[in-house]
Amino acid sequence: MAVELYSDDFDPWALVARAERDIPAEARGAASVFVGRMRDFNEDDTVTGLFLEHYPGMTERELERIVAEAESRWPLLGCLVAHRVGDVRPGDALVLVATWSAHRIAARDACSSILERLKHEAPFWKRERLADGSDRWVEKNTPGS
Amino acid sequence: MTVTVHYFARLREEMGRADEQADLPTESISVGDLWRHLHGDAPPERLMVAVNQEQAALDTLVRDGDEVAYFPPVTGG
């Protein structure tokens, strides 16, 4: 299990490849991966940048708690959560959730659960910079995503 | 008792500060009453709170040396 925060752009697929090397190849029947990236639009406005604030210490603890609860609920062989903090540009990876299990349903359900809980419980806050130079705090997650 | 208080995101900007120390003549206080003591009004709607970096509620009790955080709904991912 690993939880990682990045203050610079990270390559989610390189992290997945690295993590997968630690999992016995013969056992890992299923991997489920979610990668979320920054869009250049939100609520009909063009977004040119994003600042991701977090609560150093608590953010890591909350992510570790969410992962630990998923590991107690599903038979996982591995789990990796990476999240960006600080100044972000459109196209950059914001979040990676990867889970490995012997079977597809455990991997997929655990990945989905970790992502949804992260979005509602982990202390991160987005402030968007718009094309006209103004800033605004994002007040809620996009419904259904 | 003395507690450390943190504010994050929009709340931090509205307060004009990220942190403050609160000195109170009691041995414990709820997270909600601490807000009233500091700001003189009821906690805003949809406020999220943490005590010692763990999720908490407005009726969670705070004691000397604790770390309290107030923040708006989270928007990560």
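The values are calculated or read from the model by the stated rules, or taken from the named source; none is laboratory data. What you are looking at is a predicted structure, and each value in this text was computed from that prediction instead of being measured. Cβ atoms come from the backbone with ideal geometry, glycine included; neighbour counts cover every protein chain shown. For accessibility, only protein heavy atoms count, side chains too; no ligands or nucleic acids. Shrake-Rupley method; radii C 1.70, N 1.55, O 1.52, S 1.80 Å.
You can think of it this way: the chain between A:ASP8 and A:HIS103 has 30.9 nm of extra reach, that is 0.36 nm per residue less the Cα-Cα gap.
When the accessible area of the protein assembly as shown is split by element with a 1.4 Å probe, what percent falls to carbon and sulfur? Intermediate results must be reported in sequence, preceding the final value.
Working: 5250 of 11050 Å².
Its accessible area is 48 percent carbon and sulfur atoms.
What GluC sites (Glu not before Pro) in chain B are in a loop by DSSP, with at most 14 other Cβ atoms within 10 Å of the Cβ? Please list the in-between numbers first.
Numbers: sites: B:GLU13, B:GLU14, B:GLU20, B:GLU27, B:GLU45, B:GLU54, B:GLU67; in loops: B:GLU27, B:GLU45.
In loop regions of chain B (DSSP not H, G, I, E or B), the sparsely surrounded GluC sites (Glu not before Pro) are B:GLU27, B:GLU45.
Counted without the sites themselves, the longest stretch of chain B free of trypsin sites (Lys or Arg not before Pro) in a DSSP loop having at most 12 other beta carbon atoms within 10 Å is B:47-77.
Restricting segment A:26-72 to trypsin sites (Lys or Arg not before Pro) that sit in a DSSP loop and have at most 16 other Cβ atoms within 10 Å of their own Cβ leaves A:ARG28, A:ARG39. Label positions at B:ARG63 and A:PHE51, each projected 7 Å from the Cα along the C-beta direction, are separated by 3.7 nm.
At most 15 other Cβ atoms within 10 Å and a DSSP loop assignment: could you name the GluC sites (Glu not before Pro) in segment A:18-86 that fit? Sparse-neighbourhood loop GluC sites (Glu not before Pro): A:GLU26, A:GLU43. For chain A, the Kirkwood hydrodynamic radius comes to 15.9 Å, computed from all pairs of different C-alpha atoms. A simple rule links phi to the HN-Hα coupling: the Karplus curve 6.51 cos²θ - 1.76 cosθ + 1.60 with θ = phi - 60°, which for segment A:78-86 gives x, 7, 9, 10, 10, 9, 7, 9, x Hz, with x for Gly and Pro. Straightening the chain between A:PHE41 and A:ILE23 buys 2.7 nm, computed as 0.36 nm per residue apart minus the Cα-Cα spacing.
Note that the protein assembly as shown presents 50 Å² accessible area per residue, ligands and nucleic acids not counted, probe 1.4 Å. Computed with a 1.4 Å probe over protein heavy atoms only, the accessible area of A:TRP13 comes to about 140 Å². When both segment A:85-145 and segment B:22-77 are represented by their alpha-carbon centers, they are found 26 Å apart. Computed over segment B:2-71, the quotient of the alpha carbon radius of gyration and 2.2 N^0.38 Å is 0.98.
Contact with the other protein chains removes 50 Å² or more of accessible area, compared with the isolated chain and a 1.4 Å probe, from these residues of segment B:34-77: B:GLN53, B:GLN55, B:VAL74, B:THR75, B:GLY76, B:GLY77.
Springs between Cα atoms under 10 Å define the GNM used for chain A, and in it the highest mean-square fluctuation of A:LEU115, A:LEU80, A:LEU15 occurs at A:LEU15. Largest GNM mean-square fluctuation among A:ALA122, A:ALA14, A:ALA70, using chain A with Cα springs under 10 Å: A:ALA14. For the options B:LEU34, B:LEU61, B:LEU47, a Gaussian network treatment of chain B with springs between C-alpha atoms closer than 10 Å singles out B:LEU47 as fluctuating the most. Report the accessible surface area buried between chains B and A, summing both sides, using a 1.4 Å probe on protein heavy atoms only, in Å² rounded to the nearest 100. When B and A are taken together, about 2100 Å² of accessible area is lost.
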